[in-house]
Amino acid sequence: MTTTSTVSLSSLRSTTSRTGPSPERWRVADVEALFALPFMDLLFRAQQVHRAHFDANEVQLSTLLSIKTGGCAEDCGYCPQSAHHDAGVEAGKLMPLREVVDAAQAAKAQGATRFCMGAAWRSPKARDMERVTDMVREVRALGLETCMTLGMLEAEQARALKDAGLDYYNHNLDSAPEFYGNIIGTRTYQDRLDTLAHVRDAGIHVCCGGIVGMGESRVERAGLIAQLANLDPYPESVPINNLVQVAGTPLAGTEPIDPFEFVRSIAVARIAMPTTMVRLSAGREQMDEALQALCFAAGANSIFYGDKLLTTSNPQAERDRALFERLGLKAKRLQ
Ligand code: SF4
């Protein structure tokens, strides 16, 4: 079978909406064949899939707040918050509820519709659960969608978050199973899959993606996207991060990924998961505007936006607004 015919089969499969158990799985070879398409063909296919499911000129805005920074027990090789690395990030305490609510209000005023709260934990302790569930309730009461990323969850913790009204839980697979062990040693791939299953079983939407540019091969990038697309159902949100190299972390000094390969990763994620929100995440600040525009053309339709909301001037948000205007993009409103 030629590469082209393999891709055609895959594309047909991927544009079928999934209402029940997934009938077929993505083979890594199918995903790799998408990566291998001529760039323009790949972008065209991604646009076709994107337009079949979304307004192509609409982008969802999420704001991220670190509610507990640094001192994390995990050893993720890219992360300056890990206590295993010396990246100069001080370990902080869990932020008081009032400050979280103030930040959420500011995010809403800036146009964000989803507020993501992240804590640098291996997993939340029992004493933390009451405080984070209060945060979910209060942020939701402002009329924002809520998302949290708190590390690994037990089934009972996922249910408590659902009861508090949590809409999304972020827990990334980070990379393909074959590459994962090069980056993280303190939790297994299966640990991550177990947390995702608890989140799904509790009825919370899943936000799950990965990082490219960590020194993985193209096959391993394809392996990550196959893993995500084969989750049943696949995640509602898929953040695709471009490694931000931070001095003091083991991945500082990694050969950066070719920007077009990054755009390819976005396009392939869009084709493999037609109805997911593909989020252009970490690494966006390092991209110029033309590259960001290519990512939107490849099917990215969500960004992290205005993450320094407690300062009065917000140059990043202002730059984003100007870029949206130049591209004729509009912010997605809550349904
Ligand atoms: S679990 Fe999260 S906060 Fe902790 S080291 Fe890994 S990426 Fe960083």
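Points worth noting:
- Under the Debye formula (equal points on every Cα, no solvent term), log10 I(q)/I(0) of segment 18-109 at q = 0.17 Å⁻¹: -0.93
- Highest average packing first - 41-52, 110-121, 143-154, Cβ atoms within 10 Å: 110-121, 143-154, 41-52
- Partners of K330 within straight-line reach, counting aspartates and glutamates whose Cα lies under 15 Å from its Cα and excluding those fewer than 8 residues away in the same chain: D55, E58, E318, D320.
- For segment 148-158, backbone phi angles converted through the Karplus equation (6.51, -1.76, 1.60; θ = phi - 60°) give residue-by-residue couplings of 9, 9, 10, x, 6, 10, 7, 4, 5, 5, 4 Hz, Gly and Pro being listed as x.
- From the alpha carbon centroid of segment 155-223 to that of segment 266-282 is 16 Å.
- Taking a straight line from the alpha carbon of K332, these lysines sit under 16 Å away, with near neighbours fewer than eight places off in the same chain left out: K108.
- Share of alpha-carbon pairs per 20 Å distance bin for the chain, given as whole %: 32, 62, 6
- Residue-averaged 222 nm ellipticity for the chain, from DSSP H runs of 4+ at -39500 (n - 2.57), nearest 500: -13000 deg cm²/dmol
- 21 Å Cα-Cα reach of K93 towards lysines, excluding residues that sit fewer than 8 places from it in its own chain: K68, K125, K308
- A P(r) calculated from all alpha carbon pairs of segment 195-311, with 10 Å bins opening at zero, reads 13, 43, 33, 11, 0 percent.
- Residue separation of A56 and D41 scaled by 0.36 nm, minus their Cα-Cα distance, works out to 3.6 nm of gained length.
- Report note on the peptides 81-92, 217-228: ranked by the mean count of other C-beta atoms within 10 Å, highest first, their order is 217-228, 81-92.
- Put a plus charge on the Cβ of each Lys and Arg, a minus charge on the Cβ of each Asp and Glu, and nothing anywhere else: the dipole of the chain about its Cα centre is then about 760 debye.
- Using a probe radius of 1.4 angstrom, the carbon and sulfur fraction of the accessible surface of the chain is 52%.
- Looking at segment 142-197, the accessible area is 36 square angstrom per residue; that uses a 1.4 Å probe and ignores ligands, DNA and RNA.
The values are calculated or read from the model by the stated rules, or taken from the named source; none is laboratory data. The structure presented is a predicted model; accordingly, all values stated were derived computationally and were not measured. Counting neighbours? That spans all protein chains shown, and the Cβs are built from the backbone with ideal geometry, glycine included. Note: areas computed on protein heavy atoms with side chains; ligands, DNA, RNA excluded. Shrake-Rupley method; radii C 1.70, N 1.55, O 1.52, S 1.80 Å.
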